[in-house]
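Student: I have a structure here, written as structure tokens, and I will follow up with some questions on it.
The values are calculated or read from the model by the stated rules, or taken from the named source; none is laboratory data. Everything numeric here is computed off the predicted structure, so don't read it as measured data. Positions of Cβ are generated from backbone atoms using ideal geometry, with glycine treated the same way; all protein chains shown enter the neighbour counts. Heavy atoms of the whole protein, side chains included, go into the accessibility calculation; ligands, DNA and RNA do not. Shrake-Rupley method; radii C 1.70, N 1.55, O 1.52, S 1.80 Å.
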Amino acid sequence: MSNSSSITQFLLLAFTDTRELQLLHFWLFLGIYLAALLGNGLIITTIAWDQHLHTPMYFFLLSLALLDLGCISTTVPKSMANSLWDTRAISYSGCAAQLFSFAFMTAAEYSMLTVMSYDRYVAICKPLHYGTLLGSRACVHMAAAAWATGFLNALLHTANTFSLPLCKGNALSQFFCEIPHILKLSCSHSYLREIRLVVISFSVVFVCFVLIVVSYVQILRAVLRIPSEQGRHKAFSTCLPHLAVVSLFVSTAMFAHLKPRSISFPSLDLVMSVLYSVVPPAVNPLIYSMRNHEIKDALCKLIF
């Protein structure tokens, strides 16, 4: 039996024990990581460079791209290094830092998606008040609130999780350090404190989800009242990328954490964790740039 004071490292879940497949995993993750760096980097550079994109919508999109970069950089490089060097180890402090960073980025990203849904609601449902409700100061305050929410969420969960005594070994059933998998190593009933924190976090998530749904119900009603087909198409085109990103982020995370135990097994859990932690940061830039002519035009000017 061991406790948290004697644990110096954790063992992460390996994707495979076969050397050839480990290298395949390394190259696959490297490709995804480079795509995320390129896509989000281009969005950040384009928005910062082009004066025409200095609007609330693109300011929030720039913040989302920064969070995507932080999120994927928290999990993927360590997983790649472990596969390349055929190891599963992560230091105790490294695990704490990874858990904090991932909790921070994901909570802040979800909050930012909620802010972005409000931005689309005001733009379509209250266009005459857009400049008043979403001035530069209001945008900065909302973005800061999203980042602060993520920081506070991560701080509370990390401090509480790593204050628990751990006596069930040091092997995690996940390819990165995540709260539920560390809680499985706890040998104390004090983990109920963390469960209370999780309940509070889920309550906040639920409130954000309700706000997003209400925003899009109002948006849909407003769009359907637009008389011209061209006007409806333009309104939908500004909302669909955000809606697609929200759907991808929420559906994969909810299925990964709320699926019945009867359909829970390691390979499926691993695939689902990749879908909600790795895929969205790499795919989001593509989703936003595919239907956005302003970003496409700005990218062309920047590159050519």
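Student: Here are the criteria: (1) crowded, with 21+ Cβ neighbours inside 10 Å; (2) over 20 Å from the mean Cα position of the chain (by Cα); (3) modelled with pLDDT under 90. Tell me which single one GLU178 does not satisfy.
Tutor: Here GLU178 clears every test but (2).
Student: Something else now. Being modelled with pLDDT of 80 or more and surrounded by fewer than 12 Cβ atoms within 10 Å (Cβ to Cβ) is the requirement here; does ALA154 meet it?
Tutor: In short, no.
Student: I need every pair where a residue in the stretch 73-89 that is over 18 Å from GLU178 (Cα atoms) has its Cβ under 7 Å from the Cβ of a residue that is open to solvent by less than 20 Å² (accessible area, probe 1.4 Å), sequence separation at least 6 or different chains.
Tutor: SER83/GLN22; SER83/HIS25; ASP86/GLN22
Student: For ILE32, only one of the following conditions fails: (1) outside any strand (DSSP E or B); (2) open to solvent by less than 20 Å² (accessible area, probe 1.4 Å). What is its number?
Tutor: (2)
Student: So, of the residues in the stretch 181-204 that are surrounded by fewer than 18 Cβ atoms within 10 Å (Cβ to Cβ) and among the charged types (D, E, K, R), which turns out to be modelled with the lowest pLDDT?
Tutor: Within the stretch 181-204, the match that is modelled with the lowest pLDDT is ARG193.
Student: Closer than 22 Å to PHE236 by Cα and open to solvent by less than 40 Å² (accessible area, probe 1.4 Å): does that describe TYR110?
Tutor: Criteria met by TYR110.
Student: Taking the residues in the stretch 133-144 that are of a type in the set (Gly, Ala, Ser) and over 16 Å from the mean Cα position of the chain (by Cα) as candidates, determine which candidate is nearest to SER63 (Cα to Cα).
Tutor: Taking the candidates together, the pick is ALA144.
Student: Please name all residue pairs, on different chains or six or more residues apart, with Cβ atoms under 8 Å, provided the first residue is in the stretch 6-23 and is within 17 Å of HIS181 (Cα to Cα) and open to solvent by 40 Å² or more (accessible area, probe 1.4 Å) and the second residue is small (Gly, Ala, Ser) and assigned to a loop (DSSP other than H, G, I, E, B).
Tutor: Final answer for the pair search is LEU13/SER173.
Student: Which of the residues that make up the stretch 38-57 are in a helix (DSSP H, G or I) and either among the hydroxyl-bearing types (Ser, Thr, Tyr) or surrounded by fewer than 18 Cβ atoms within 10 Å (Cβ to Cβ) (or both)?
Tutor: Listed by number, the residues that qualify are LEU38, GLY41, THR45, THR46, ALA48, TRP49, GLN51, HIS52.
Student: Follow-up. If you scan the stretch 122-162, which residues turn out to be outside any helix (DSSP H, G or I) and either among the hydrophobic types (A, V, I, L, M, F, W, C) or in contact (Cβ under 8 Å) with a residue 40 or more places away in the chain (or both)?
Tutor: LEU134, PHE162
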